[in-house]
Every structure is written in C-alpha cells, then in structure tokens.
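Undergrad: Below is the structure I would like to discuss, written out as structure tokens.
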Number of protein chains: 2
Amino acid sequence: MLTGKRSPAGAGRPAPAHGRDDSVLLRDADLVLTMDPFYGEGLLGTVERCDLLIREGAIAAVGGRLVAGPDTEVIDVRGKVLLPGFVDAHTHLWQSAIRGRGPALGLYEWFDACVWTVVPRIPPADMYRFVRLSAADALQSGTTTVVDWVPALEYAVSEAYLEAVSDSGVRFVHAAYQEPADAGLAAKVLTGLVAPHPLGTPQVATVAHPDDPDHLRVHAGLARELDVHLNLHLLEHRTDRSADLVARLQEAGGLGPKTLLNHVIHVTAAELDLLAHRGAAVAHCPLSNMRLGTGVMPLREIHRRGIRVGLGQDGGTNDSADMFASMKAAVGLQRAVSLDPAGYPGPEEALYMATMGGARAVGQDDRIGSLTPGKRADVVVLDPAALNLAPLGARPAQIVFGGRPENVTDVFVDGVARKRAGRPTGTDPARLVAEADAAARTLWGGEAGR
Amino acid sequence: MLTGKRSPAGAGRPAPAHGRDDSVLLRDADLVLTMDPFYGEGLLGTVERCDLLIREGAIAAVGGRLVAGPDTEVIDVRGKVLLPGFVDAHTHLWQSAIRGRGPALGLYEWFDACVWTVVPRIPPADMYRFVRLSAADALQSGTTTVVDWVPALEYAVSEAYLEAVSDSGVRFVHAAYQEPADAGLAAKVLTGLVAPHPLGTPQVATVAHPDDPDHLRVHAGLARELDVHLNLHLLEHRTDRSADLVARLQEAGGLGPKTLLNHVIHVTAAELDLLAHRGAAVAHCPLSNMRLGTGVMPLREIHRRGIRVGLGQDGGTNDSADMFASMKAAVGLQRAVSLDPAGYPGPEEALYMATMGGARAVGQDDRIGSLTPGKRADVVVLDPAALNLAPLGARPAQIVFGGRPENVTDVFVDGVARKRAGRPTGTDPARLVAEADAAARTLWGGEAGR
C-alpha cells in the first residue's frame, strides 16, 4: 500500500478471519488501568473486574458484563491487567543496526562512530531489516506507538524504512530530518509516504547544534508550512550550552505547543519557564542518558512547571525497547540523585508518562494514550501471575518496579492483534533476526561476529 | 534431607534419569564468556565456538570438539552464549512478600512499614511460599547463587525458609540475623541447617545502626567463632553518618577479608582506604538505591582501591531478580552522575561484577564465578537470536545494555538443570504463583487485591 509494492494487509488492518467481524471482547480483566480519571479511580483511572470491547479498531466500551456479538472474538483475560499500549516518545528504529556499539563513548564521539558514518552505508533492503527488527521488538514489549526521529536518508531508503514500519503494524510518528538544502526531500517523504498512512503521523526533525544557525530556521518554517510538530534533541550534552540554543529556537519560531524537545538535561530555570510558557513538550530518555553519560534531566523542575513529558527509549542509544526498564529508571534516577523517594515521578506517574504522557507530548491524546471509549484500540494485556510479578497486591508499583516485556501477553494496535498469548502474530521473529544478522554482516563485516 | 521431611531430591542433586549418567555436553556454543583470563581473551576470558562438559556437578572441560561419553546428554547450543551463573551478592528472598509495597517510602520508613512489622506475621508455611517464589524467579533469570541476608526468624520459620531454598535448587549463602541476646539461635541455624547443606554457606548477619553499640561486637564475635563471613548493611542512608560506624565495626573486630558490606554509599575517602586496607568486600545494589532514593555508591572510588565488589538485587527492595537490569543500572548510574561514559564500570566490568565479582566478594571464587574446569557447574545459556538482542555483534555490551531474563534458555546449578529450553525444570511456576498469592492474602488481607 505504502509504495505500491505490498498488499494492503501490511499497511492497514487485515481483513477479519472468515466468519468473524473484527470485534474483540477482552472479558473479565482483573484490573484495567484506563489512564482516564473519568473512567476509574485516581491518576491511572483504575477499574477492577471489567471487560473491554474493541470494534472497528476503536475502543467501543469499557465496563462490566459487556455483551459480545455473534461474531465477536472473546478473549478470557481473567487475572490479567489491561493498560494502554506504551507510547515511546523518542526513538530511532534504524538503530538496532548499532546495538551495543561504542559502549564507552560519549554523545558526540558516539555520533561520529555509530551514526553519521553508519547511516549512509545501509542500503534500502538492509534498512528494512533493521527497522523491522526494532519495530517488532517494541511491539512485543508492549509499545504500540513509536515517535521516530529519522536521520537524513535517500528517498529509496526512506521508502524501505517506512515499508518496514508499515509491515510491523506499529503506530508511528515519523520525524524526517534532512539538511536544510534538502528540506524538500523531507517534505516529499512526509506528505507522500507518512501522512497518507492510516497509522502514521508526520513531523519535521531538526538539530540544534551550537555551531549551526540555519537548521532551526529552515526546519521550523517547514513544520509550520506542513502544520506538523518540530522534533529535536535539545541540551542533551553539557557542551551544548556553548550557544544560546533555546533563544535561537524561539527566534526561529520553533518553540510552541507543536515542539517536541528530547532530553533537555543541561537547561536553566529561566529556559524551563520559557518552555512552559510556550507550551512545548519534552521526551525523557533516562536509560539513554545513563548509557551515554549525558546527565540527569531536571524532571521534577519540568513537571512542576506543567510541561508535558513523555518517556522515550532512544534505542539503540539505549539498546532496548523495554518500557518497563525505562519507567523504573525514570523513577529511580531522580530518587538516587535527590535522596528523596517521595518526589515525582512515583510508579503511577511513570505509568502515566509512558502512556498518556507520550500521547499528550505529541498532541495525540485525542486518539491514543488511554483506554477511553472512542479512542483507537491500542491495548496491552499483562499477566501478573508470573514469578517476577506475584504475589497479588500493589499492582502499579509491581508493574513499574518488577515488570518485564515477557509479562506482556497480548498487544493490539488499532484493534489488530500483534501479540497473542505471548506470541507474535503475523511475524516470524526467527526470520526477522536472521535477516537482521545478514544485514549486520554486510554493515560490519568481520566485526559483526563479536 | 534438610529437615528430614523431604526427599533427598529436593536438597541435593537428583538421581540421573534412567540410562544416563549425570554428564552434560553443551556443544558448539557461539561464544563462551568464561570470566577466566587463563581460558580466553580479555577480562571476560572470551572463547569462540567451543564446548563445555559438565560431569559430577563440576565443569569437566571447556574446549573444542569435546567427546561425549555414551551416557552423556548432549545439548546443541549453536548460536548461543555461555556464561557463569550470576551471583546475586545481596538479597532478601523472603521479600517477594512485599513486592511493590511502600513505593514512595525512604529506607527507614520502608523498614518500619514493610519489614519489621511484616516478618513476624509470616507463618512457616507462608514463608516457604514467598522464599520459593523468589528463588525460582532468581534461577529462571540466570542467577545461580544468592547471598541472602535473613532477618530474625523463629527456628521453625528458619526451617521452612531453608527448606524452600533447598527445594528450589539455588546455591545460597544464608546470613542469619538474630538480636544479640538470641545469637545462639543464629548459630544453631547456621551450624545445624546451613553448613551441612551441599549448596549452602553460613554467614552471620548483623546491623550497624547509629543508636546501637552491641550488635557489631556480639555478631563479629560469633562470626569469628564459626569462622564465617560477617554480613551487614553499611552507610546506606545519609543519616547513618550520625555515628562513626566504620570505626565501631573495626573496634568490634568485624572488619576484615571475611566482611561483606552492603550498599556503602555515604562513605568517606578515609573510610574507603580503611576498607581496602582491611580487605573487606562490598555489594553494590544500584536498583535498590534508586528505588529507595538512598543515593549513589562511589563505585569508581571503591574499584580504584581494589576493593572486591559484587552486584546485588536487594529484592524486594528492588522488587526484581533481573541481573541484566542491575548490570545496566550499575553502568548507567555512575555515568549519569559523573557525565563520564568511559569510567568504571563498562559493560564487560559489569558482567564480571555480576559473576566473578560476587564470587570473590563472598570468598567462593575457588568454586564458582567462572567457567573454569574444576569449579562447580553453575552455567547459564543465553540465546542472542532474539528481537531484543539481535543482530550479531558487540555481544557483551548487547547483553548488558539489552539483555533480559527471557533470553536465558538454560540454567545449571551444581550441574543440575533448573531451566531447560526456556522452561523451568522440576518446578511448576503457576503453582508457586498461586501459593504465593494465597500467602499474600493471609498477610495483607483486603489490601492484597491491589
């Protein structure tokens, strides 16, 4: 569908199996974390013992004793926990190509060794394989939406990239970067390939580097022209303070409610005031910040100002798509440096950040992020009857402090099952792994073995 | 065997299946991280493409084209990675009882709410269930040795506790705590129940609290008398500096090569010099320190002095037995606060810390911690052909930054398989979970539901 080379099944929602419509009833969940305070108690909108009905890709109802139609598939979720699919607010899907590389490098050395010199060496077919692997890993781990900052690619590589995302079935935000001189190419990808996709949302990606004045102006202009978000890394490294990047972003007209700022570590109080005033959102990537040694985001200062915060993997910088690990790190990193275990975020706030927080950060909380009837059916089923999550009790904290991707039994995106009973649907992981291995051999040659 | 109530199969090594001896040949591993520089390259003693032979519970040989006897079980481990089982240098197995509890409490508030008031309320049968759950979780995650600091228990509860550990099949260090007046009870448990066990090692547990002068003297004396390690939490909380605990420990005769100190966060340079001079070892528990907001261990200062360091889960303080998460946190926490991604520990050093580091910290590096022929066969098989660990390349960093318990396919303790092909052997996880749930209902009553 996307490029005309694949069947519609890869891109949108597959036709229902013979004899059934596409509705699914998740019956008798032990606990539903709706993330919607109108539907349940507390910040997480908690509801006990209820059903969830999916119809035509949307959440049709959440409640007790819902009635299944004759063609509705009924899934028994007794004992299980339902929550919205995780929204990974900042990632780079191509980076499974570099998992584990540059293990002791800092940000800019790592960019040089693992990013700028690597991306141009990946041909379209191999880009497909790396992206497909990352997207499958995210989906199987319970992430249903990825916000993907994509480096400069040739058009044919972008086609392969988006075909892989599309075939995976994940909901995606594609933030396309190109040098200012090639901004037209980004526009072509965004309007021609991303915007028409039923699960895709276009954004313009940019960079705010001290040595470069043009990018922000050009890209902010393009984002306004296309009426999409501007997505950039900001003040990730301590050396980024050598220029007044926040002021420059503001001057370029790039600081507003449709701005998503990643990392935001080495930031002043006055700058945070400005971000809050302008309504910009941020993506927090604690595991990436730990891996690269970039620092600790002043998350409590950010939250106190009411700035929207999503949680990002930043994989392969973080080498992982495990949102449980990211939630746990988001809680623990703030605590360890503040010596205050009572401050923001607690485990409930981390769950919110990983779902509604991300949806709000990219302006999609009208569609995703909570299990509110009318929203798209991006749903995760979690089985707490596991050696690492038992015994009964204190569920939100248990999920954040002890949950693992293996506890995710079922994943629905736009109402389509991408994981059922602990197994991927419509995907052969062994094949994806073998194809990524082959691509890595091409990319890394003799180095690939170890 | 332990209490006379169970069959020998629960405690020691089960009889071999009919028609086989108990030898196992792991054939054609892609990579073996021996942790022994005499057997392979670098810190991790890396060997490519080789076999590992287990015989009579020990590692008989590591090398190419080993020959299987007629009764040897041969397991094809092509494509897989072998490493020593993880040594969890500090944990509390009973604490699955309190997973997720007190999610925003600091150390001493958490002790009051979740520890001191809870332990006495757990009857023997339920203690068995909680310990059994934790031990199974550890084993399935690749941990083959647990160093377990055990709070004051009645003798009957200690019996149940140790029966659960024994039935699980994990190798264990049991550090028994009792009030000074009841030190005889600790001695009875250690000499009567722990020391005779083929997989058990006794230690004396104590506490170093500013308000209490007696414990260290009495317990250090008992440890010397029994010729075992003294195991204590030291300078975990910032308020622990209100007394000169290191000097007090030294005066009590409790500071030497047979001292294991847990956490050691709020420590001075002069105290670290003394710990190094006296040859004490430490257990680092980064995920616990993050969860409770106790602080960041000066791990680099500790390592620079040559102090032995093991890695501990401190579960359920950390609510998890995931050593991959702990390795990743050990690397990332130091980096995030130092802004230096090149310092200790890198991923290879984290793998060492989680295996040989722990073995050395408890003085058992003659028996465990590396895949050296002659040592006991505590072996983990890891499958990197997974969505989260592919593609080929940079294995140690991929394992530390992206590995998960679900990637562990096989676990051997003392040559006995405790996990095979991704499934527990000799254990029904669903039953363990159901029994722990029942115990939690008794313990927490109406609170248990959520």
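Undergrad: Take every DSSP beta bridge whose two residues both sit in chain A, then give the antiparallel share in percent to the nearest 5.
TA: If we restrict to bridges inside chain A, about 40 percent are antiparallel.
Undergrad: Let me ask something else about it. Kindly write out, for segment B:22-33 in residue order, the coupling ³J(HN,Hα) from the Karplus curve 6.51 cos²θ - 1.76 cosθ + 1.60 (θ = phi - 60°), rounded to whole Hz, with x marking Gly and Pro.
TA: Those phi angles translate into 9, 8, 9, 10, 8, 9, 6, 5, 5, 8, 10, 8 Hz.
Undergrad: Next question, about the same structure. Out of residues 5 or more away from residue B:74 or on other chains, whose amide H comes under 5 Å of its own, with H placed 1.01 Å from N in the peptide plane?
TA: Result for residue B:74 returns B:25.
Undergrad: Taking amide hydrogens as modeled 1.01 Å from N in the peptide plane, which residues meet the under 5 Å criterion relative to residue A:61, leaving out close sequence neighbours?
TA: Residues meeting the criterion, in which the H sits 1.01 Å from N, are A:53.
Undergrad: List every DSSP H helix in chain B whose Cα atoms extend 27 Å or more along the helix's own long axis and whose mean Kyte-Doolittle hydropathy is at least 0.5.
TA: none
Undergrad: Would you kindly work out, in nm and rounded to one decimal, the distances from the label point of residue A:438 to those of the same position in each other copy, ordered shortest first, with label points 7 Å along Cα-to-Cβ?
TA: Its label point is 5.3 nm from the equivalent points in the other copies.
Undergrad: Sticking with this structure for a sec: Taking the rotation axis that maps chain B onto chain A, which residue of B brings its Cβ closest to that axis, and at what distance in whole Å?
TA: Result for the axis mapping B onto A: B:406, 2.
Undergrad: Only bridges whose two residues both fall in segment B:272-419 count here: according to DSSP, what percent of them are antiparallel, nearest 5?
TA: Numbers: 7 of 11 bridges.
Of those bridges, close to 65 percent are antiparallel.
Undergrad: Something else: Within 10 Å of each Cβ of B:96-107, how many other protein chain Cβ atoms are there on average?
TA: Partner-chain Cβ atoms within 10 Å, mean over residues of B:96-107: 6.
Undergrad: Another question, if that's okay. Taking the full set of protein chains and a 1.4 angstrom probe, give the accessible area of residue B:39 in square angstrom, rounded to the nearest 10.
TA: The accessible area of residue B:39 comes to roughly 90 Å².
Undergrad: Under 5 Å between amide H atoms, partner at least 5 residues away or on a different chain: which partners does residue A:203 have, H built in plane at 1.01 Å?
TA: Excluding prolines and chain starts, which carry no amide H, the hits are A:174, A:175, A:176.
Undergrad: Further question: Provide the buried accessible surface between chains B and A in square angstrom, both chains summed, 1.4 Å probe, rounded to the nearest 100.
TA: Values: alone 17350 and 17380 Å², together 29190 Å².
Adding both sides of the contact gives about 5500 Å².
Undergrad: Taking chain A as a Gaussian network, where each spring joins two C-alpha atoms under 10 Å apart, which residue of A:353, A:127, A:290 fluctuates the most?
TA: A:290
Undergrad: Starting from segment B:302-372, pick out the trypsin sites (Lys or Arg not before Pro) whose DSSP state is loop and whose Cβ has at most 16 other Cβ atoms within 10 Å.
TA: B:305
Undergrad: Which of B:131, B:158, B:169 sits farthest toward the positive end of the charge dipole of segment B:116-214, with +1 on the Cβ of Lys and Arg and -1 on the Cβ of Asp and Glu?
TA: B:169
Undergrad: Quick check on segment B:86-361: take the gyration tensor over C-alpha atoms, sort the square-rooted eigenvalues as a ≥ b ≥ c, and tell me if it's rounded (a/c under 1.5), prolate or oblate.
TA: Because its axes are fairly even, with a/c under 1.5, segment B:86-361 counts as rounded.
Undergrad: Moving on. To the nearest 20 debye, what is the magnitude of the charge dipole of chain B about its Cα centre, counting +1 on the Cβ of each Lys and Arg and -1 on the Cβ of each Asp and Glu?
TA: 540
Undergrad: Tell me, what is the per residue accessible area of the protein assembly as shown in Å², probe radius 1.4 Å? List each step's numbers first, then the result.
TA: Details: 29190 Å² over 900 residues.
Computed with neighbouring chains in place, this is 32 Å² per residue.
Undergrad: Calculate what fraction, in whole %, of the accessible area of segment A:287-329 sits on carbon and sulfur atoms when a 1.4 Å probe is rolled over the protein chains.
TA: 53
Undergrad: Rounded, prolate or oblate: which fits segment A:270-395 when a ≥ b ≥ c are the square roots of the eigenvalues of the alpha-carbon gyration tensor, with rounded for a/c under 1.5 and prolate only if a/b beats b/c?
TA: oblate
Undergrad: Something else: Using a Förster radius of 56 Å, what is the FRET efficiency between residue B:49 and residue B:113 based on their Cβ-Cβ separation? Nearest 0.05, please.
TA: The pair residue B:49/residue B:113 has a calculated efficiency of 0.60.
Undergrad: Where both partners of a DSSP beta bridge lie in the protein assembly as shown, what percent of those bridges are antiparallel, to the nearest 5?
TA: 40
Undergrad: So how much accessible area does residue B:21 have, in Å² to the nearest 10, using a 1.4 Å probe?
TA: Estimated to the nearest 10 Å², residue B:21 gives 70 Å².
Undergrad: For B:326-336, what's the mean count of beta carbons from other chains sitting within 10 Å of each residue's beta carbon?
TA: 6
Undergrad: Below 15 angstrom from the Cβ of residue A:257, what's the summed charge of the other residues (Lys, Arg +1; Asp, Glu -1)?
TA: +3
Undergrad: In addition: Compare the peptides B:69-80, A:73-84 by average per-residue count of other Cβ atoms within 10 angstrom and give them in order, highest first.
TA: Averaged packing, sorted descending, gives the order A:73-84, B:69-80.
Undergrad: Sticking with this structure for a sec: Starting from the Cα of residue B:224, step 7 Å toward the Cβ, then list every residue of segment B:239-254 with an amide N under 17 Å from that point.
TA: Those under the cut-off are B:247-254.
Undergrad: Sticking with this one: Just counting partner chain Cβ atoms within 10 Å, what average do the residues of peptide A:288-301 show around their Cβ? Don't skip to the answer; put the middle values down first.
TA: Values: counts 1, 4, 11, 10, 5, 12, 4, 5, 4, 1, 0, 0, 0, 0.
Partner Cβ neighbours, averaged per residue: 4.
Undergrad: Could you give the nm distance between label points at residue A:276 and residue A:74, where each point is 7 Å from its Cα heading toward the beta carbon?
TA: So the two model labels end up 5.1 nm from each other.
Undergrad: Measuring from a point 7 Å out along Cα→Cβ, what nm distances, shortest first, does residue A:74 have to its partners in the other copies?
TA: 5.1
Undergrad: So, by mean Cβ neighbours within 10 angstrom, what's the order for A:53-61, B:138-146 with the highest one leading?
TA: Per-residue Cβ counts within 10 Å, averaged per peptide and sorted highest first, yield B:138-146, A:53-61.
Undergrad: Okay, next question. Under the rule a/c < 1.5 gives rounded, and otherwise a/b versus b/c splits prolate from oblate, where does the protein assembly as shown land using the Cα gyration tensor?
TA: prolate
Undergrad: Distances from residue A:227 to the same position in the other copies: list them in nm, one decimal, shortest first, using label points 7 Å from Cα along Cα→Cβ.
TA: Result, one decimal in nm: 8.3.
Undergrad: Output ³J(HN,Hα) for segment B:173-189: one whole-Hz value per residue in order, computed from phi by the Karplus curve 6.51 cos²θ - 1.76 cosθ + 1.60 with θ = phi - 60°, and x for Gly and Pro.
TA: Ordered by residue, 3J(HN,Hα) equals 10, 10, 9, 8, 9, 9, 4, x, 5, 9, 4, x, 5, 4, 4, 5, 5 Hz.
Undergrad: Quick one: 3J(HN,Hα) in Hz for segment A:190-205, Karplus 6.51/-1.76/1.60 with θ = phi - 60°, rounded, Gly and Pro as x.
TA: Along segment A:190-205, the couplings run 5, 7, x, 10, 8, 4, x, 6, x, 10, x, 10, x, 9, 9, 9 Hz.
The values are calculated or read from the model by the stated rules, or taken from the named source; none is laboratory data. Owing to the predicted nature of the structure, the values given are computational and were not obtained by experimental measurement. Here Cβ is always computed from backbone atoms with ideal geometry, including for glycine, and neighbour counts include all displayed protein chains. Quick note on the areas: whole protein, heavy atoms, side chains included, nothing else; ligands and nucleic acids left out. Shrake-Rupley method; radii C 1.70, N 1.55, O 1.52, S 1.80 Å.
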